[in-house]
Each structure stands twice: as C-alpha cells, then as structure tokens.
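The values are calculated or read from the model by the stated rules, or taken from the named source; none is laboratory data. These numbers come from a predicted model, not from an experiment. Cβ coordinates were reconstructed from backbone atoms using ideal geometry, including for glycine residues, and neighbour counts include every protein chain displayed.
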Amino acid sequence: METINDIKQNIISLFAQRNVREAHRRLHTLRALQAQMPENLARSFAFIAKKVGSPQIKRQLLEEAVALDASNIFILTSYGNVLVKNRQIEKALTVFEKALKARPDDIVILSSYGKALVDDGQLPKAFKMFEYSLQLDANDIATLNSYAKALVNHGQSEKAFKLFEHSLQVNPNDVITLNSYGKALAEHGQPQKAFDTFERLLGLNPNDTKTLTSYGKALAENGQPQKAFDMFERSLQLNTRNTIIFNSYGKALAEHGQPQKAFEMFERSLEIKATDTISLNSYGKALSDHGHSQKAFEIFERALQVNANNPNTLTSYGKALAEHGQPQKAFELFEHSLKVNHKNIFTLNHYAMALAEFGDAEKAFEMFERSLQANAKNTNTLVSYGSALIKHKRFNQAFELFDRSLKLQPKNPVILANYGVALANAEVFSEAFKQFQQALQLDANNVLTLTNYGKALMNDGQFEKAIEILERTLQITPNDTVVLNNYATALANHNQPD
C-alpha cells in the first residue's frame with residue numbers, strides 16, 4: 001500500500017523529471033489524504049518544497065503551507081528565504097518579522113532576516129541582526145558566513161576576513177566558508193591567498209564543480225586565463241548541464257580575447273535554459289564589447305521579455321546603448337532601473353559614468369554622491385567617481401577618492417592600477433608609475449594594468465621602457481589589437497631620430 005512518504009517522494013521525482021502536470025495531480029491526491037490534518041499537510045508541502053529545484057514551485061508550495069499552518073516557524077522561515085530568492089524582499093521581511101515575534105532569539109531566523117535586510121539596503125539594521133545572532137552563538141557558521149559576505153560586498157573586507165577565519169576555526173573544512181572566503185580574497189586584491197583557499201577545497205573534493213568554477217573565475221580575473229580555462233573544462237567534464245559554468249567560462253573567454261568561443265558558451269547555456277537572465281546579460285555584454293551591438297541589443301530585449309524590471313538587465317543594456325552612441329535610450333533604462341530600486345549601486349554608477357561621458361558632469365557627480373550615500377565604502381563607486389573627476393580636471397578631489405579606496409583595500413591591484421591611470425591622465429607620471437608597479441607586484445600578469453602602464457610610459461616619452469612592458473604584455477596575450485597598436489606606436493617613436 002502506498003504511504004504518504006511514497007507519494008511525497010513520487011511528487012519530488014516528477015518535478016525533477018519536469019512532469020509538472022502529473023506532479024500537480026499527485027499533489028491533489030496528497031491534499032485529499034491529509035485534508036483533515038492541515039498541519040501535517042503543511043509539513044508535507046514544506047518537505048517537498050525543500051527538495052524541488054524551481055524557485056517558483058518552491059514559493060507556491062510554501063505559500064500553501066503557510067496558509068495551512070502560519071504558526072510553524074520552520075515553514076515561515078523557509079517561505080521568507082524563497083521570497084528573497086524570488087526578489088520579493090518586502091514580503092520576505094514581513095514574514096521574517098512575524099517569525100521573530102514568535103522566536104526573537106532564533107539564530108536561523110535572525111541570520112535569514114539579516115540577509116534579507118542586506119538585499120533591501122538596510123545595512124545598519126542587517127548588521128545589528130547578525131551581531132545579535134553571534135551574541136547568542138558566536139560559532140554559528142551560517143551567521144558568520146552571511147555576515148562576512150555582507151561586509152565584503154559593502155566595503156568592509158578586513159572585518160569580513162576575520163569572520164571567515166573564525167568560521168574556519170570552528171570547522172576548518174567547511175566548504176561554504178572556504179568557497180566564499182576564496183571568492184572574497186580574489187575580489188579584494190589577495191589572489192594568491194584565494195588560490196591557496198581553492199586548492200584546499202579541491203583537496204577536500206577534487207570534483208566539486210562549484211569550487212572549480214569559482215577557482216576558474218578567480219584565475220581569469222587575476223591574470224591566469226589559461227589555467228582558468230583548464231578549471232572550466234574540468235568542471236564541464238563533470239557537468240554539461242550547468243548554466244553557471246557555461247556563463248562563467250563564457251565571460252572569461254570574452255575578457256581574454258576569445259569572443260567566438262565565448263559566444264558558443266553562452267549559446268550552450270541558453271540551450272539549457274533559454275530564459276536564464278544571467279546568461280542573457282553576460283552574452284549581451286560580451287557581444288557589445290566585441291562590436292556586435294545590434295545582436296547585443298536583441299539579446300538584452302530577450303532578457304527584458306523574461307523580466308522587464310530586472311535592474312541588472314536594464315543597467316547592462318543601458319551601458320551597452322551608451323557605449324554605442326544611444327545615450328537617451330540608455331538614460332531611460334537607467335531611470336527605469338532606479339524606479340525598481342533607487343539605491344542600486346550598479347545602476348547609479350553606470351548611469352553616472354554615462355552622464356559624465358556625454359557631457360552632463362554635474363548630474364553625473366550627483367549620481368556618484370547618491371551611490372556613496374547608499375554605501376560610502378564601495379570601492380567601485382569611489383574609483384569610478386575618481387576617474388570621472390580626472391576627466392574633468394578635478395584632480396585633488398579625484399585623488400582624495402582614490403586614497404579613500406586604498407585605505408579600505410590597500411592591496412587591491414585594480415584600485416592601484418586605476419589610480420595609476422588617473423595620475424597618468426593628470427600627467428603626474430612618477431606617482432602613476434609607482435601605482436602601476438605596486439599593482440603588478442600583486443598581479444604580475446594583468447593585461448589591462450600592463451597595457452595602461454605601457455601607454456603611460458609612452459605618454460611620458462619613455463619608449464624603451466614602454467616597449468619592454470608591452471612585449472611582456474604580448475607574451476600573455478599575443479593577439480590583443482590594442483596592445484599591438486600601442487607596441488607599434490612605441491616602436492615607431494623609439495626608432496625616430498632625435
């Protein structure tokens with residue numbers, strides 16, 4: 001005789017097989033069998049929701065579970081977490097607040113509420129929740145990780161690293177902590193320590209595709225594209241149906257001079273899931289960056305058909321339009337994105353950069369100020385704002401912003417390299433060269449840093465040194481047209497008679 005557990009497992013299997021109609025028919029059977037036991041039926045729905053992959057199906061099941069038993073804290077918390085994943089943040093906050101009224105000292109609820117507050121831009125309140133949760137249990141790994149990730153994303157990397165280290169003292173082999181820590185280190189100017197962390201993870205499980213993909217991204221972003229490609233290939237040998245792997249590999253290929261292969265990766269990702277907005281946005285950006293603007297716009301339009309209010313799509317599309325001479329439409333998309341979330345730093349920064357590029361400097365600076373009001377320690381904002389100020393000859397104000405960035409992340413090669421570009425644009429060449437050299441000590445093979453360093457040397461008339469740097473760059477990326485053009489210019493000037 002078929003039991004309730006048998007029916008639940010059957011429903012989970014049917015959803016996994018994408019046989020949604022039959023799964024819903026079996027759910028109807030489950031409702032009939034447990035109609036007189038609403039609390040049990042609620043738990044059954046919550047159990048199934050935990051096992052299915054689709055966020056939409058999870059949400060539907062948990063909504064019904066909450067309607068059946070609104071006092072079950074586990075169900076409420078699960079529902080809140082799913083609402084966050086579905087970007088229904090305001091509704092999620094209400095659910096967590098209800099759960100906390102029943103259990104104000106529950107660290108699982110506190111941590112989940114904290115993450116939702118971070119997504120809503122309520123950072124002080126979020127950090128307060130994490131701190132209170134850690135007062136109740138200083139060694140709770142979930143809270144330590146959530147708090148650390150929030151700090152990393154909002155300009156407090158040093159404090160975040162201490163929390164990651166604490167988490168690893170509690171459990172040295174915690175995979176989630178190691179992965180998050182590795183990614184944070186890579187993004188904040190400590191690539192070698194990041195690589196060591198990913199190697200630790202691979203020592204625990206050499207076939208973990210999440211680790212291989214994160215490691216690949218870190219390598220690609222820190223001047224080791226070939227090793228990065230090897231990691232992505234290993235990951236794809238283990239899983240040929242994961243859109244995250246294809247998307248990450250595609251981005252790395254596009255950024256390291258292999259656009260055609262990148263486009264193939266994005267196409268393969270979209271064959272798996274045609275509505276994947278992350279892949280669509282990355283594909284659109286890659287097409288735009290490599291001169292295929294019309295197709296890029298078509299891809300972004302596809303992404304907007306999936307979700308017309310996605311800030312990442314709206315901003316990426318706006319950026320592409322601005323870069324291809326359509327500022328007015330770009331501004332409309334940026335404004336649309338800010339109506340969805342007026343504190344979105346990604347949108348504010350790119351809107352500001354587009355405004356600065358098209359001559360509305362004062363409005364651009366206002367946008368940067370709004371971005372800093374949302375997060376005063378965001379180094380991307382500080383660097384972008386500083387670069388815009390340089391273009392408008394406001395050197396002292398710009399240098400102050402770069403100095404603020406370096407106080408937050410003194411060993412970040414990206415900030416150092418951008419500061420070098422800013423100083424070179426201001427013709428403060430000796431200081432610019434110091435910044436480039438420091439950046440290269442941290443990331444010796446970064447093509448963009450080497451290229452900008454070579455260009456600055458040329459602008460200072462140091463052609464022999466520029467040739468040396470550009471030859472070094474060409475060893476890493478022999479077919480890069482920008483580097484080849486700069487190299488040809490340096491050689492021509494060096495060979496000219498005095």
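Are there helices (runs of 4 or more DSSP H) fully within the stretch 139-203 with at least 3 residues that are surrounded by fewer than 18 Cβ atoms within 10 Å (Cβ to Cβ)? List them.
On the way: elements: 141-152, 157-170, 175-187.
Once the helices (runs of 4 or more DSSP H) in the stretch 139-203 are filtered for at least 3 residues that are surrounded by fewer than 18 Cβ atoms within 10 Å (Cβ to Cβ), what remains is 157-170.
Quick test for you: out of Ala354, Ala388, pick the one residue that is buried (at least 18 other Cβ atoms within 10 Å of the Cβ), touching a helix residue (DSSP H, G or I) at 6+ places or on another chain (Cβ under 7 Å), at pLDDT below 95 and within 28 Å of Leu450 (Cβ to Cβ). Don't jump to the end; show me each part of the working.
Values: Ala354 fails: at pLDDT below 95.
When all the criteria are applied, what remains is Ala388.
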Condition met for Glu471 (assigned to a helix (DSSP H, G or I), touching a helix residue (DSSP H, G or I) at 6+ places or on another chain (Cβ under 9 Å), touching a residue at least 24 places away in the same chain (Cβ under 8 Å) and among the charged types (D, E, K, R)): no
For the subset of the stretch 452-483 comprising residues that are farther than 24 Å from Lys227 by Cβ and among the hydrophobic types (A, V, I, L, M, F, W, C), which member is nearest to the chain's Cα centre (by Cα)? Ala456
So, in the stretch 251-289, how many residues would count as being surrounded by fewer than 22 Cβ atoms within 10 Å (Cβ to Cβ), aliphatic (A, V, I, L, M) and within 19 Å of the chain's Cα centre (by Cα)? 1
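Please determine whether any residue of the stretch 411-431 is outside any helix (DSSP H, G or I) and under 26 Å from Ser157 (Cβ atoms). Walk me through how you get there before you give the answer.
Just the residues of the stretch 411-431 that are outside any helix (DSSP H, G or I), to begin with: 411-412, 426-428.
Imposing the further condition that a residue be under 26 Å from Ser157 (Cβ atoms) reduces the set to 411-412.
Yes, that holds for at least one residue.
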Spot the failing condition for Gln36; the list is (1) closer than 23 Å to Tyr113 by Cα; (2) surrounded by fewer than 17 Cβ atoms within 10 Å (Cβ to Cβ); (3) among the polar types (S, T, N, Q), and only one is missed. (1)
For the stretch 232-256, give me the residue count where each residue is free of Cβ contacts under 8 Å to residues at least 24 places away in the same chain and either in contact with a helix residue (DSSP H, G or I) (Cβ under 9 Å, 6 or more places away or on another chain) or closer than 13 Å to Thr211 by Cα (or both). 5
Does Phe15 qualify as being under 30 Å from the mean Cα position of the chain (by Cα), under 28 Å from Ala116 (Cβ atoms) and among the aromatic types (Phe, Trp, Tyr)? yes
Qualifying positions in the stretch 296-353 - more than 23 Å from Gly121 (Cβ to Cβ) and outside any helix (DSSP H, G or I): His324, Gly325, Gln326
